[in-house]
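J.: The structure under discussion is supplied below as structure tokens; questions concerning it will follow.
The values are calculated or read from the model by the stated rules, or taken from the named source; none is laboratory data. Given the structure is predicted, the values throughout are model-derived calculations rather than measurements. Please note: Cβ atoms are built from the backbone with ideal geometry, for glycine as well, and neighbour counts cover all protein chains shown.
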Amino acid sequence: MGRGSLFEKNTRLRERPNLWLMVFRFHPPYNEGTVDLLSPNTLKKEDARLNRRYLSAVEPLPDHILQVDFVSGSRLLLDMKPYLDKTRFRSLSDLRVWSSAVTNGIFVRFGSVELSHDELLSMAEQEH
């Protein structure tokens with residue numbers, strides 16, 4: 001379907017041509033069930049927090065391999081050994097701290113060490 005046919009079929013675009021500047025995603029690349037969208041009409045003060053989830057599970061494996069499961073169904077096996085000599089990650093060499101990994105859907109926490117889902121992906125890209 002070309003742009004002309006979309007413009008011709010969509011009456012909203014014909015009535016308001018400036019909408020043509022907006023990006024319409026018919027099949028978003030993320031799991032739609034993980035993001036709650038709020039409109040100003042339905043927003044209450046107590047509901048102001050967005051409930052986003054990117055990570056579904058995390059499991060510390062032997063030999064400092066971190067298994068991270070994403071809500072999309074993808075699985076990441078991240079070798080954390082190269083990071084253990086860094087000050088920030090030094091406490092992960094203790095097996096009790098390493099085995100304490102938990103996630104809230106956005107961050108992975110090992111005691112006082114915290115990694116975001118974006119940071120985990122960035123670390124995985126640097127490995128290769």
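J.: List the number of the failed condition for ARG25; all other conditions in (1) modelled with pLDDT of 55 or more; (2) within 27 Å of GLU119 (Cα to Cα); (3) over 16 Å from the mean Cα position of the chain (by Cα) hold.
T.: It is condition (1) that ARG25 fails.
J.: Are any residues in the range 76-128 assigned to a helix (DSSP H, G or I), touching a residue at least 40 places away in the same chain (Cβ under 8 Å) and of a type in the set (A, V, I, L, M), and if so, which ones?
T.: LEU120, LEU121, MET123, ALA124
Yes/no per residue for (1) touching a helix residue (DSSP H, G or I) at 6+ places or on another chain (Cβ under 6 Å); (2) hydroxyl-bearing (Ser, Thr, Tyr); (3) surrounded by fewer than 17 Cβ atoms within 10 Å (Cβ to Cβ):
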{"position": "ASP63", "(1), (2), (3)": "no, no, yes"}
{"position": "MET80", "(1), (2), (3)": "yes, no, no"}
{"position": "LEU84", "(1), (2), (3)": "yes, no, yes"}
{"position": "THR87", "(1), (2), (3)": "no, yes, yes"}
{"position": "ARG109", "(1), (2), (3)": "no, no, yes"}
{"position": "HIS117", "(1), (2), (3)": "no, no, no"}
{"position": "LEU121", "(1), (2), (3)": "no, no, yes"}
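J.: Looking at GLY73 and the list (1) surrounded by 15 or more Cβ atoms within 10 Å (Cβ to Cβ); (2) outside any helix (DSSP H, G or I), which single condition is not satisfied?
T.: (1)
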